[in-house]
Amino acid sequence: MLIRLFLCLFFLLPLFSVAQELPTDGSWFCQHGKVRSFGQLGNLANARLAYPGDETIDILYYGLDLKLTHTPNYLRAAATVLLKSVAPNLASFTLDLNSTTTTSGEGLRVDSVKSGAQKLSYQFASNKLTIKPAIALTNGQTIRVVIYYQGIPISTSGSFVFGKHENTSDPVIWTLSEPYGAPDWFPCKDTPAEKVDSSDVRITAPAPFVSVSNGTLASITDNPDKTKTYYWRNRHPIAHYLISIASSNYTRYDTPFTTGNRVVPVTHYVYPEDLSSVKANLDLTPQMMKLFSSQFGTYPFSAEKYGHAQFGAGNGGMEHQTISSMEKAAFTPAVIAHELAHQWFGDKITCRNWENIWLNEGFASYAEAIYAESTGGTKGYQEYMNRFLTRAKNAQGSIYVQDISSFNNIFNSSRSYAKGAAVLHMLRGVVGDSTFINTLRTYSASKFAYQTAVTEDFQGIAEQVSSKKLGYFFQQWIYGAGYPTYQVSLVGTSQANQVSVRLVQRNTTASSPSSFTMPVQLTIKSVTGDTTVTVFNDRADQTFTLPSKGIATGVLIDPNNWLLKGTEAPTVVTALEPAAATLNVYPNPSSESVSIDFATPSAGPLSLGLTNLLGQRVRSMAEPQLGAGDHSRSLNLRGLSAGRYILSIETTAGQQSRVVLVP
């Protein structure tokens, strides 16, 4: 779900330009509404943390038959649940359903539970519906039960709302269940870890209501009592919190998307008074679907539909499967792109637990930058990511959510959204553009498609596609806290074709490990041209000898802004004066061996090393004692890959380096 941070932008446009970062109090205000709502639930919120539900059962199907009235507000329902026992001799099982009654009379009651024609014994208390089958279930045995219930769903969390349009008195009913709201209005197993194979939703409401849900509209029935029943059929796996309804006097607007030989229905259900003002942005949806299909793989629900259903102000956007719910202010390109991207990352592949919510929100946020890149090129992408990187610096704690009892922790704007997007940006910098996009496509098409995943699952795909070990990357950025602050400086003496650069870093979070391991780009500046190299920085204080096209005049760290980082002055530093030539290496280039002449004014130890541009030593030599007149050595180069290497030699005269070329 797109946190309200983005939505503040639309209210604050008269005061702040799009390019400017929003003030932190604006971000706080946008989050505060949801935090406050869940805070009002008191003990109910704690009771919900019985998550992940009854582990003795596996839910296979939800079928909801909902009869709605508005003024008076009321729900009468029959929920069909097909489940399988995953325990031997299962005498009873439990579903989550909110039984709490408020002082205003809100709450649900269960009238009966049946399996076929047989009534089953049940107990409904403390938000748990415990059902006893007529005969204990064996391991692997299935049972279909129908729960008949009625009442006014608790609305303090905004999970089920009887409302009105903002500018008219027309009624609207909607749901928004993420993360803990689904049991407010239907019996379920309250965990994102489990998807049902399919679902059906039938919504009966007064005839003026147009009712919308997931999947395909199978039928519309005109009933004798002046109501209409809309039957929506979903035949893809779905997480319980992604099941939704929205009912109002909608105007339907179609913008179909053609992919190959298939036409995917794209249907938007909008308040009649608002359609003209949001129509132009809705028209962008097929273009976005084409873009994301090229980046992430075929739209996951092309056999059904995509679209939007408008709901009340202040609720932002929510990626209900095949039908995102959107308030009017959310019908902007950024939010439309965010919720659409969730159809791949959040709906097709769902985070297995709320601790890994970044797999939903970080990915959808990053997709906004991909859309910005498609419309504004590299500059548009960089500007968008720079805003995410700036916000990510406000993140506290690890991206992996340590405390899921707090709604604000799960949907923390700086952490789950901005820093999650920053991690994907940095991964792209580590593996390269084409490998990164291939990673996203492979992940989307992997065994986790239409299932659930955790961080380690995505890491495995990234390692498989890139052929790189990325454990260090995910461990520090997902499970660690803070970010590195770098200081770069020149050390020793500079030569015409090389320079020694010292890179010092510290973690902004004192309680976290002192240093980050990352490939870091450095640009060596000289009057004859710049040289950009990538060093593998894995220590808090590290010195690299790097090639230069001439006498170095300065060095710039991370010139393309691939890192979430801080910098300490100076970020561009002036080189030192060149030293006298006291080290001679020949022949150079060479693929066989090189001779090394060096000055040794007095007897002492010798240390000689050859490293590649990642700082990895590939040849070394050490001698404890040299004679006063001993100043020549030979180094074997056979077997080395073609490229640039740095030869460093340390004697009593000091340390010197040269670039060695292997053709």
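Quick look at the values:
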item	result
Residues located in segment 440-456, provided they are polar (S, T, N, Q) and part of a strand (DSSP E or B)	T452
N139 part of a loop (DSSP other than H, G, I, E, B) and under 19 Å from A239 (Cα atoms)	no
Condition check for N360: out of contact with any helix residue (DSSP H, G or I) (no Cβ under 7 Å at 6 or more places or on another chain) and closer than 25 Å to T439 by Cβ	yes
Filter result for the condition that a residue is within 26 Å of Q505 (Cα to Cα), in contact (Cβ under 8 Å) with a residue 12 or more places away in the chain, polar (S, T, N, Q) and part of a strand (DSSP E or B), over Q487, Q476, Q459	Q487
The one condition in (1) modelled with pLDDT of 75 or more; (2) touching a Leu at 6+ places or on another chain (Cβ under 8 Å); (3) surrounded by fewer than 17 Cβ atoms within 10 Å (Cβ to Cβ); (4) among the hydrophobic types (A, V, I, L, M, F, W, C) that L576 fails to fulfil	(1)
Residues being polar (S, T, N, Q) and over 17 Å from T216 (Cα atoms) - total across segment 184-204	1
The listed residue being in contact (Cβ under 8 Å) with a residue 60 or more places away in the chain and out of contact with any strand residue (DSSP E or B) (no Cβ under 8 Å at 6 or more places or on another chain), out of T390, T350, T378	T390
Condition met for T485 (at pLDDT 85 or above and of a type outside the set (F, W, Y))	yes
Some residue of segment 270-283 being hydroxyl-bearing (S, T, Y), closer than 27 Å to T442 by Cβ, modelled with pLDDT of 95 or more and in contact with a Lys or Arg (Cβ under 9 Å, 6 or more places away or on another chain)	no
Qualifying positions in segment 165-202 - among the aromatic types (F, W, Y) and either over 16 Å from S155 (Cα atoms) or not in a loop (DSSP other than H, G, I, E, B) (or both)	W174
Boolean, S219 is hydroxyl-bearing (S, T, Y) and assigned to a loop (DSSP other than H, G, I, E, B)	no
Verdict on A453 being within 22 Å of I410 (Cα to Cα), surrounded by 20 or more Cβ atoms within 10 Å (Cβ to Cβ) and modelled with pLDDT of 95 or more	yes
Selection status of E319, touching a His at 6+ places or on another chain (Cβ under 8 Å), of a type in the set (D, E, K, R) and more than 27 Å from V401 (Cβ to Cβ)	no
Residue selected from segment 75-122 under the condition surrounded by 15 or more Cβ atoms within 10 Å (Cβ to Cβ) and of a type in the set (S, T, N, Q), by the criterion farthest from I243 (Cα to Cα)	S92
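Each row is one residue, and each column tells you yes or no for (1) out of contact with any helix residue (DSSP H, G or I) (no Cβ under 7 Å at 6 or more places or on another chain); (2) under 21 Å from Y122 (Cβ atoms).
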residue	(1), (2)
N139	yes, no
Y149	yes, yes
P153	no, yes
P171	yes, no
E178	no, no
A182	no, yes
W185	yes, yes
C188	no, yes
P192	no, no
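Matching residues to (1) modelled with pLDDT of 95 or more; (2) in a loop (DSSP other than H, G, I, E, B):
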{"residue": "A329", "(1), (2)": "no, no"}
{"residue": "A337", "(1), (2)": "yes, no"}
{"residue": "D347", "(1), (2)": "yes, yes"}
{"residue": "T350", "(1), (2)": "yes, no"}
{"residue": "A364", "(1), (2)": "yes, no"}
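The values are calculated or read from the model by the stated rules, or taken from the named source; none is laboratory data. Computed from a predicted model, the values in this text were never measured in an experiment. Note: ideal-geometry Cβ built from the backbone for every residue, glycine included; neighbour counts use all protein chains shown.
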